[in-house]
Amino acid sequence: MGIGTLYPLVIFKKMKRQPFNDSLILRWLARCMLLLIVWLPDIPARAQLEVFDESPGTKDMFRSSTLVNMQTVQTGVPGSWEFHIRHRFGYVKADQSLIRNFLGTDGVANIRFSFQFPLGNRGMLGVARTKSGKTYEMEGKYRFLDQSTDNRRPFALAVYVNVACMSDDFPPVSQFAYFGDGRQRFTYEMAHRFSYSSQLILARKFKERFRALLIPSFQYYNLVTPGYQNHRLGLAAGGSVALSTKASVVAEYHYRFGRKPENGLFPATLGIEFGTVGHSFSVFVSSSQALNTQQLEWSTPYDYTNGEFLIGFNLRRTFWKKAKNEKG
């Protein structure tokens, strides 16, 4: 399984037609992003102080805005911006191919570049580009709630939205192909390039070493292959265990509802993360090459019960904006 298996728009005979107008989705997402921006300066900080002043929050629960593929409640530090790289090497197996393909570096890789810009103390907007499907993305996150040290607020809560546009060429389709209704002849449209994800992020810090994440999510593709629903619900669980002040073990597992992957397995990841305030780096073994939630929830993972996996790494670098009165 390579990059091509992450490409969800392959068409053979009939395509399923989108059940409702795509412009409604775009308008809804645009309004959500607009509200995210508008609310940031108007969050009732005074009311928060009145309600939560006796219950200080637990901040900086994670080293980055992502664990591996999962989002965290981190949104970055005001006055800075972040550059992220997510890289997945090619498929390998626990046999002689591990050495022959040099840990997968000889295989077909997938990579994602992104820039993230904190908005206030709780929000973030970002842009990204993923190799698979030559996909461009816009993303936004807002943290509504911080966990308190006295457990009056037992967890942190954030929301995340992602809009992705596949810019690669559509695969060829027969002139006799029809939509799923079997009546209207199929033709590609611009709307078919789009997919969407929305997530509710719950995070909790246990003691000083263990952080846990639980994320229910909703994904929607405007164009899918026959037999698949346009939407999909997922539930991801993950966490990190601190080994020291600069290193942690991280793990993820992504469950999906409805139609299961062909091999009956779900994406899983295990790795180690290093980091400071200015940067973080993680290396891991994973069962999926997907790099955004939409692709991840539609992918068929490698059979890790048979020794199939890939190696990947994530890199985050924070750049600080120079103060106006700073010279040099």
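Quick notes on this structure:
- Flag for Pro226 being surrounded by 14 or more Cβ atoms within 10 Å (Cβ to Cβ) and either without any contact (Cβ under 8 Å) to a residue 40 or more places away in the chain or assigned to a loop (DSSP other than H, G, I, E, B) (or both): no
- Per-region count, segment 229-276, residues closer than 18 Å to Leu200 by Cβ and among the aromatic types (Phe, Trp, Tyr): 3
- Residue in segment 153-174 that is over 24 Å from Phe284 (Cβ atoms), surrounded by fewer than 15 Cβ atoms within 10 Å (Cβ to Cβ), of a type in the set (Gly, Ala, Ser) and in contact with a helix residue (DSSP H, G or I) (Cβ under 7 Å, 6 or more places away or on another chain) present: yes
- Residue count for segment 117-154, restricted to those that are assigned to a strand (DSSP E or B) and under 18 Å from the mean Cα position of the chain (by Cα): 19
- Tabulated pairs, segment 149-162, first farther than 19 Å from Thr75 by Cα, second basic (Lys, Arg) and part of a strand (DSSP E or B), C-beta under 8 angstrom, 6+ apart or interchain: Pro154/Arg204
- Counting only residues that are touching a strand residue (DSSP E or B) at 6+ places or on another chain (Cβ under 7 Å) and among the polar types (S, T, N, Q), segment 229-252 holds 3 of them.
- Of all residues in segment 256-273 being out of contact with any Ser or Thr (no Cβ under 7 Å at 6 or more places or on another chain), surrounded by 14 or more Cβ atoms within 10 Å (Cβ to Cβ) and free of Cβ contacts under 8 Å to residues at least 40 places away in the same chain, the one that is nearest to Trp298 (Cα to Cα): Phe266
- Taken over segment 85-106, the criterion of being in a loop (DSSP other than H, G, I, E, B), more than 20 Å from the chain's Cα centre (by Cα) and surrounded by 13 or more Cβ atoms within 10 Å (Cβ to Cβ) is satisfied by Tyr91, Asn101, Asp106.
- Only one of the numbered conditions (1) more than 19 Å from the chain's Cα centre (by Cα); (2) at pLDDT 90 or above is violated by Gly180, and that is (2).
- Test: Asp181 is closer than 28 Å to Phe115 by Cβ, surrounded by fewer than 16 Cβ atoms within 10 Å (Cβ to Cβ) and touching a residue at least 40 places away in the same chain (Cβ under 8 Å): no
- Residue selected from segment 65-84 under the condition under 28 Å from Tyr255 (Cα atoms) and touching a Gly at 6+ places or on another chain (Cβ under 7 Å), by the criterion surrounded by the most Cβ atoms within 10 Å (Cβ to Cβ): Leu67
- Taking the listed residues Ser167, Ser198, the one that is of a type in the set (Gly, Ala, Ser), in contact with a Gly (Cβ under 8 Å, 6 or more places away or on another chain) and under 24 Å from Leu291 (Cα atoms) is Ser167, with no other qualifying.
- Of the residues contained in segment 241-248, none is found to be assigned to a loop (DSSP other than H, G, I, E, B), among the polar types (S, T, N, Q) and farther than 25 Å from Leu315 by Cα.
- Within segment 210-223, the only residue that satisfies the criterion of being more than 19 Å from Met70 (Cα to Cα) and either polar (S, T, N, Q) or surrounded by fewer than 16 Cβ atoms within 10 Å (Cβ to Cβ) (or both) is Asn222.
- Those residues of segment 303-324 which are under 20 Å from Arg86 (Cβ atoms) and not in a strand (DSSP E or B), in sequence order: Tyr304
- Answer residue from segment 275-302, given it is surrounded by fewer than 17 Cβ atoms within 10 Å (Cβ to Cβ) and in a loop (DSSP other than H, G, I, E, B) and is modelled with the lowest pLDDT among those: Val277
- Checked against the criterion of being without any contact (Cβ under 8 Å) to a residue 60 or more places away in the chain and in contact with a Ser or Thr (Cβ under 9 Å, 6 or more places away or on another chain), segment 91-105 contains not a single residue that satisfies it.
The values are calculated or read from the model by the stated rules, or taken from the named source; none is laboratory data. Just so it is clear, the structure is predicted and the values come from calculations on it, not from any experiment. Positions of Cβ are backbone-derived with ideal geometry, glycine not excepted, and every protein chain shown enters the neighbour counts.
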